[in-house]
Every structure is written in C-alpha cells, then in structure tokens.
Amino acid sequence: MASQADLPKYLLAPEVSVFLRYVPDLRQQVLFDTLWNTGARINEALALTGASFQLDGSRPFVRLKTLKQRQRGRGRPGKDEEVFRLVPLTDPQYVRKVREFLTTLRIGKQQLLWPVQSDNTPRNWIRKALDLAKRDSVTFSIPVTCHTFRHSFCMHLIQHGVPLKVVQAYAGHSRLETTETYTRVFALDVGRQYGVRFSLPDSHLTLPE
C-alpha cells in the first residue's frame with residue numbers, strides 16, 4: 001500500500017494562478033502555464049515547436065510527443081516507434097496567451113519554444129519565482145516542481161469529473177493504474193473536507209442499564 005509520501009502532490013487552480021504571477025518573464029510563464037494546461041512532462045514540453053500547436057478553429061489542441069514509455073505489451077507501440085497524443089486546450093485565456101507568445105517572439109513552425117539545454121533551467125526559473133513570492137510572504141502548501149503542474153493538471157480533471165480513460169489519454173499514462181492513483185488522492189481529500197468523526201467524547205456516552 002502506498003504511503004502518504006508516495007501519493008501525488010498538487011496545487012489547486014488559484015494556487016497555480018498565484019505562482020504564475022511571480023514569473024515575470026513571458027517565455028518562462030508560458031512554459032509553466034503549458035505544463036498546467038496540458039499535463040506535459042517537462043521533457044515533452046521542452047520538445048514543443050510552433051507546429052505543435054493548433055490554435056485556430058473551435059477546438060484548439062497541442063500535439064505532445066510522449067517521451068516516457070514502458071516495456072511493450074500487447075497492442076503497444078514498439079521501442080523505436082514515436083507516440084504522440086493530442087490534448088485539447090480548453091482555456092481561451094491560455095490559447096490567447098500562446099498565440100500572442102508565438103507572434104511576439106516570432107517563433108517559427110519548426111522552432112523550439114524553449115531552447116534550453118536541460119530541465120535544470122526551468123528548475124531555476126521556479127526557484128526564482130518562489131523567492132519573489134517569499135518576499136511578499138507568499139508560500140505554497142507543497143514544494144513546487146515542474147512535475148507538480150502535471151499532477152495538478154490530472155487532479156484538476158478528476159475534480160471536474162473527466163472520465164479516467166480520458167485523463168489517461170491526455171496524460172500519456174501507459175497503464176490505467178497510474179491514473180487511478182489520482183482518484184485515491186481525490187477520495188482522501190474529500191474525506192478530509194467532510195471531517196466525519198466516528199467517536200464521541202466520553203461525556204456524551206451513556207451506558208445502558
């Protein structure tokens with residue numbers, strides 16, 4: 001059985017919004033907003049190009065290359081086969097931000113959105129944002145990492161009633177059991193909110209005669 005420490009830790013939507021306000025650079029802000037809106041792993045986000053986004057029409061989406069694959073099972077792609085998944089972009093404000101970002105920085109179809117050497121760079125961006133927040137006495141309920149936004153994306157979908165199989169497809173989980181972990185976290189959090197008690201103070205107890 002998984003311990004509390006093994007369960008995914010996530011931010012709520014208002015917390016993500018607060019964090020983004022402390023990311024002053026447009027390129028950096030769009031990266032973390034992309035992790036939050038798509039559930040991409042950081043290496044998947046860093047592989048995105050201008051051509052990865054389809055922002056026109058009534059159903060905008062991003063095409064993510066799934067970069068984490070487990071051993072091959074029946075019906076699964078082979079080791080050398082590339083796997084892509086489509087994630088709908090359902091937040092109009094985010095779509096506008098990406099469109100403005102691509103236009104302002106004149107990012108071409110084959111150009112990487114974030115041409116950084118490794119994911120150490122985004123980690124440094126997070127650290128700087130947290131430092132700025134701390135100056136305003138703003139802290140977060142959990143440690144914030146790049147993967148935090150992926151967990152937060154999945155939990156946000158679960159909380160809004162999106163079916164597990166759909167969440168699995170969006171997140172690029174090879175096994176449904178991985179996605180089901182988020183439902184266990186959700187159940188624990190809901191139980192904590194209700195705070196149902198099963199014992200009474202001794203003063204309220206009376207024994208039958």
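The values are calculated or read from the model by the stated rules, or taken from the named source; none is laboratory data. Keep in mind that this is a model prediction, so the values were computed, not measured. No Cβ is skipped: glycine too gets one built from the backbone with ideal geometry, and neighbour counts run over all protein chains shown.
The table that follows gives values for the structure above.
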item	result
Every pair of residues 6+ apart whose Cβ atoms lie under 7 Å, when the first sits in the stretch 16-37 and is under 14 Å from Gln93 (Cβ atoms) and touching a residue at least 24 places away in the same chain (Cβ under 8 Å) while the second is acidic (Asp, Glu) and not in a helix (DSSP H, G or I)	Asn37/Asp91
Among (1) modelled with pLDDT of 95 or more; (2) closer than 20 Å to Ile158 by Cα; (3) part of a loop (DSSP other than H, G, I, E, B); (4) of a type in the set (Gly, Ala, Ser) - the single one Ala2 does not satisfy	(1)
Test set (1) more than 17 Å from Glu100 (Cβ to Cβ); (2) in contact with a Leu (Cβ under 9 Å, 6 or more places away or on another chain); (3) of a type in the set (Lys, Arg) - Lys9 fails condition number	(2)
Complete set of residues in the stretch 177-188 that are of a type outside the set (S, T, N, Q) and surrounded by fewer than 16 Cβ atoms within 10 Å (Cβ to Cβ)	Glu177, Glu180, Arg184, Phe186, Ala187, Leu188
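Let's see how each residue does on (1) over 17 Å from the mean Cα position of the chain (by Cα); (2) surrounded by 16 or more Cβ atoms within 10 Å (Cβ to Cβ); (3) of a type in the set (A, V, I, L, M, F, W, C):
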| residue | (1), (2), (3) |
| --- | --- |
| Leu12 | no, no, yes |
| Ser17 | no, no, no |
| Pro24 | yes, no, no |
| Val30 | no, yes, yes |
| Ala40 | no, yes, yes |
| Asn43 | no, no, no |
| Leu46 | no, yes, yes |
| Ser52 | yes, yes, no |
